[in-house]
Amino acid sequence: MKITGNLFIVTGGAGGIGKAVSSVLTSKGALVALFDVLDESKGSEAAKPFGDKALYVQVDITESESVKKVSATTGRWSGHPAHTDDCLYVGVGNRNRPEALCQATRIR
């Protein structure tokens, strides 16, 4: 997968594993949109180390209409069409075999 110059949306991107993934991606030349529920000041602070390669976006990813709106904003910021997958992962009996219900959306 080509990373340099591409846009990645990282959910939970302002902390923990998401922030670590964002760090790796930006170090390889990617643009990263940090999607998280943190308030704007905390999220923007989390994005600072990545400079102009990252944008913090406050969003609750459980609300698909909100995700579509901020994905469009992210696409305009980066100059790339944003892609989202509206997915619900459902563990049925065995957590190692989740079923995914997805609808892919391309937002310009």
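Every number in this text was worked out from the coordinates using simple rules, so none of it is lab data. All values reported here derive from a predicted model rather than from experimental measurement. Neighbour counts run over all protein chains shown; Cβ positions are idealised from the backbone, glycine included.
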Sparse-neighbourhood loop hits (trypsin sites (Lys or Arg not before Pro), segment 1-33; DSSP loop; Cβ within 10 Å at most 14 others) -> Lys2, Lys28
By count of other Cβ within 10 Å, fewest leading, how are Val21, Val57 ordered? Val21, Val57
If you place +1 on the Cβ of every Lys and Arg, -1 on the Cβ of every Asp and Glu, and leave all else neutral, what size is the dipole of segment 7-82 about its Cα centre, to the nearest 20 Debye? 320 debye
Which order do Asp36, Asp52, Asp60 fall in if you start with the one that has the fewest other Cβ atoms within 10 Å? Asp52, Asp60, Asp36
Can you give me the long-range amide H partners of Val32? Hydrogens built in the peptide plane at 1.01 Å from N, cutoff under 5 Å, separation of 5 or more residues or another chain. Phe8, Ala54, Leu55
Could you please report the charge total around Leu55, scoring K, R as +1 and D, E as -1 over all other residues with beta-carbon less than 13 angstrom from its beta-carbon? 0
If I take every Cα pair under 8 Å that is 6 or more residues apart in segment 7-82, average their sequence separation and divide by the length, what percent do I get for the relative contact order? 27 percent
Segment 1-76: GluC sites (Glu not before Pro) in DSSP loop, at most 14 other beta carbons within 10 Å: Glu63
